[in-house]
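Note sheet for the following structure.
The values are calculated or read from the model by the stated rules, or taken from the named source; none is laboratory data. Treat the numbers as computed from the prediction; the structure is a model and nothing was measured. All Cβ positions, glycine included, derive from the backbone under ideal geometry; neighbour counts span all protein chains shown. Side chains included, ligands, DNA and RNA excluded: accessible areas come from the protein's heavy atoms. Shrake-Rupley method; radii C 1.70, N 1.55, O 1.52, S 1.80 Å.
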Amino acid sequence: MMETEVKISDLLDVAAEAKKNCIDREHSLKITEKGFANYVTEVDVKVQKFIEEKLKERYPSIQFMGEEKNNDDIDFTKPVWILDPVDGTSNLIHDLQNSVISLALYSGQELTMGVVCHLFADEVYYAQKGQGAYLNGRPIHVSSTDEFSKSLISIGTSPYFKELADDNFDAFKKIFQNCEDIRRIGSAALDLAYVAAGRLEAYLEKRLNPWDYAAGVLLVTEAGGAVTDYCGGPVDVTKTADIFAGNGIIDKKIRRELLHWE
Ligand code: 2AM
Ligand code: CA
């Protein structure tokens, strides 16, 4: 199966069907703890199973990487779906209504498609390599803000790695003191979609997994923004990574002028 034969409309359809068929409060409260503060609900498992089956039917030769499975055997020289069935699982459990399905296609050693489907708002973000980023069919662009005082910055607290708290919160304090304000949304994919849509000037979080950020990275870059690691270097989207995304101006200024990381 060649990458060019994949249709973005199939990704949008499968995400919309999964949202319709698999999301309900009862299954959101059937929870298993995978690790400290790291939960999976029956909704996560249902959405992953549903999407994996549908994509396998339509594109049988494309490999599947998903948060709720073992991904040791993935060959990244060949096409791979990268799925987080629910990004924002803690939000889902707490009924905070900030959770998404995040689905990307990695092919030819790059991200070629990305979809972020909000589970509680009528918003679907998507992008294709070289073809721009869209929200419900309308083109989106990162913000043009270049002043700290007009910048809203979303932070990720890496809740599974409490040992990072001192370094993280030192940086967040500097950002908070210099920028308009900070936000903590709790879904990396949604944070990245909001950067792409120009609602946030930047977003940063350490030690994210490919399924948390893959689709969002393509949204941000196709919307004219930038995604790097914490030092401004490139991100290998097949691996766990520190992600610093933004409109390409404020993110760089924060790293250079506030945090001296670059
Ligand atoms: P999740 O909702 O799918 O668990 C919150 O800080 C962000 O970190 C969310 O996007 C969350 O995704 C993500 N995350 C989930 N599991 C993680 C893990 N084991 N390590 C790091 N980040 C994780
Ligand atoms: Ca998840």
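A compact table of results
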| item | result |
| --- | --- |
| Value in Å of the Kirkwood radius, where the range 119-162 supplies the Cα pairs that are averaged | 13.8 Å |
| Karplus (6.51, -1.76, 1.60) ³J(HN,Hα), θ = phi - 60°, over the range 45-53, in Hz, Gly and Pro reported as x | 5, 4, 5, 4, 4, 4, 5, 4, 4 |
| Degrees, to the nearest 10: 8-22 long Cα axis against longest axis of the chain | 80 degrees |
| Mean separation of Cα contacts under 8 Å, 6 or more apart, over the residue count of the range 82-226: relative contact order % | 30 percent |
| Karplus (6.51, -1.76, 1.60) ³J(HN,Hα), θ = phi - 60°, over the range 160-173, in Hz, Gly and Pro reported as x | 7, 10, 4, 5, 8, 4, 4, 4, 4, 6, 4, 5, 4, 5 |
| Selection from Ala37, Ile82, Ala18, by position along the positive dipole direction of the chain (Cβ) | Ala18 |
| Cα-based equivalent ellipsoid of the chain: semi-axis lengths in Å, sorted from largest, via gyration tensor | 28, 21, 17 |
| In order through the range 72-85: 3J(HN,Hα) via Karplus (6.51 cos²θ - 1.76 cosθ + 1.60), integer Hz, x for Gly, Pro | 4, 8, 5, 9, 6, 7, 10, x, 9, 7, 10, 10, 10, x |
| Debye intensity ratio I(q)/I(0), log10, the range 148-258, q values 0.18, 0.24 Å⁻¹ (C-alpha model) | -0.79, -1.51 |
| Nonlocal amide H pairs with Gly66, under 5 Å, H built at 1.01 Å | Leu83 |
| Ordering of 186-197, 102-113, 243-254, 164-175 by burial proxy (mean other Cβ atoms within 10 Å per residue, highest first) | 186-197, 243-254, 102-113, 164-175 |
| Reachable aspartates and glutamates from Lys49, criterion Cα separation under 13 angstrom, eight or more residues apart if same chain | Glu17, Glu57, Glu67, Glu68, Asp84 |
| Interchain or long-range residues, amide H under 5 Å from Phe120's placed H | Ser99 |
| Accessible area expressed per residue, the chain, with surrounding protein chains retained (probe 1.4 Å, Å²) | 45 Å² |
| The range 8-139 - percent of accessible surface contributed by carbon and sulfur, probe 1.4 Å | 49 percent |
| Long-range amide H partners of Arg183 with built H, under 5 Å | Ile153, Ser154, Ile155 |
| Simple spin-label estimate for Lys20 and Phe120 in nanometres, 7 Å along Cα-Cβ | 2.3 nm |
| Over 19 Å (Cα to Cα) - which of Lys34/Lys69; Lys54/Lys239; Lys69/Lys206; Lys7/Lys56 fall in this group | Lys54/Lys239; Lys69/Lys206 |
